[in-house]
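Trainee: Pasting a structure here, questions to come.
All of the numbers you see were taken from the coordinates with simple rules; none came from a lab. Predicted model only: the values in this text are computed from it and were never measured. Methodologically, a virtual Cβ is constructed for each residue, glycine included, from the backbone with ideal geometry; neighbour enumeration extends over all protein chains shown.
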Amino acid sequence: MYFGIFADKYIPWLASSMEYTSKDFTSLEIKLNPQAKWSDGVPVTAKDVVFTFEGQMKNDKLPYHASFDQFVDSVKAVDDQTVDVKFKIPAPRFKFEVLTEKFDTGIPIVPEHALSKQADVSAYAGGTEILVDGAPMPSLGAAGAVRHDIALDADLLKAGRLPSAALAVSTASATAPAVPVAAPPVASRSAPPVAPPARPVGASPGTPPGTPPGTPRSGSQ
C-alpha cells in the first residue's frame, strides 16, 4: 500500500487491501493485487510477503528487524493472494509505520524465488548477484537482463490503477531519443536605463524635470 500525502488516504498498489481483523489490533490481513508480477514474469504471491516478513524477524541486519521482533508473532500465507499477520501485542501503528510506503519509509517486498537462493541476503550488494536458474543474473545494463523488480505498469493498467495515457508516456519516454535542450539566452549586460531627474519639490506640473527652483515658466508673467 501507498499513502498519498496530498490525497490523505491509502492507495492500493501491490496490496489490494490491508486491514486489521481484530478490535485489539493484534491481527492483520493483507490481500495482494492478483495482477502484480515481477519483471521476470513470475507472479507476486503471498510467498514473497512471508519471505520478506520472516527475513525481517530473523535477520538483525535488516532495517525493520527491531519492529518485527517487537510486534510480530507469526506470518502465514492463507492462499496465493492472502497473508495473515499475528501480533504479540496491540500494534495499531504497524500498518502505517512499517507496511505502508510513504516518503522514504515503508518496507519493500522482495522476490522469494530469487533471494531464497542467496546464502546471505545481507551480503547481497544488488544488481548482478541474484541467481537465475542457478547462474548469476546478467548485468542490469546488458541486453535481455532479468531484473527482479515489480513490473507494475502494465499490471496496474489491467487493474485500472494506472491511466493508459500514463503508460503511453512511460513507454514513449523509454524509447524516444534524447532531445537537446537549448540553453537559456544570456541576459544583456548593457547598462540599465537612467531614470530622468526628478521635478523640483513645489514646481508646477508644467515645469520640465531638472529646472532649478524659482525659474519662471516659459510664457509666464
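Trainee: Restricted to region 22-58, and to residues that are closer than 13 Å to Lys86 by Cα, surrounded by fewer than 21 Cβ atoms within 10 Å (Cβ to Cβ) and touching a residue at least 60 places away in the same chain (Cβ under 8 Å), which residue is farthest from the chain's Cα centre (by Cα)?
Mentor: Only one residue fits best here, namely Asp24.
Trainee: Consider Val75 carefully, then state whether it is without any contact (Cβ under 8 Å) to a residue 40 or more places away in the chain and in contact with a strand residue (DSSP E or B) (Cβ under 6 Å, 6 or more places away or on another chain).
Mentor: Values: without any contact (Cβ under 8 Å) to a residue 40 or more places away in the chain: yes; in contact with a strand residue (DSSP E or B) (Cβ under 6 Å, 6 or more places away or on another chain): yes.
The answer is yes for Val75.
Trainee: Could you check Ile89 against (1) more than 22 Å from Asp120 (Cα to Cα); (2) in contact with a strand residue (DSSP E or B) (Cβ under 6 Å, 6 or more places away or on another chain) and say which number it fails?
Mentor: (2)
Trainee: Evaluate region 108-119: report whether one residue or more is under 15 Å from the mean Cα position of the chain (by Cα) and either aliphatic (A, V, I, L, M) or closer than 22 Å to Lys37 by Cα (or both). Working first, answer last.
Mentor: Of all residues in region 108-119, those under 15 Å from the mean Cα position of the chain (by Cα) come to 108-109.
After this cut, where a residue has to be either aliphatic (A, V, I, L, M) or closer than 22 Å to Lys37 by Cα (or both) as well, the list is 108-109.
For region 108-119, residues under 15 Å from the mean Cα position of the chain (by Cα) and either aliphatic (A, V, I, L, M) or closer than 22 Å to Lys37 by Cα (or both): present.
Trainee: I'd like the full set of residues that are assigned to a strand (DSSP E or B) and either small (Gly, Ala, Ser) or surrounded by fewer than 16 Cβ atoms within 10 Å (Cβ to Cβ) (or both), limited to region 4-13. Don't jump to the end; show me each part of the working.
Mentor: Let us first name the residues in region 4-13 that are assigned to a strand (DSSP E or B), namely 4, 9-11.
Listed by number, the residues that qualify are Gly4, Lys9, Ile11.
Trainee: Mind checking which pairs have a first residue in region 98-123 that is within 22 Å of Phe71 (Cβ to Cβ) and a second that is part of a loop (DSSP other than H, G, I, E, B) and basic (Lys, Arg), Cβ under 7 Å, 6 or more apart or different chains?
Mentor: Ser122/Lys61
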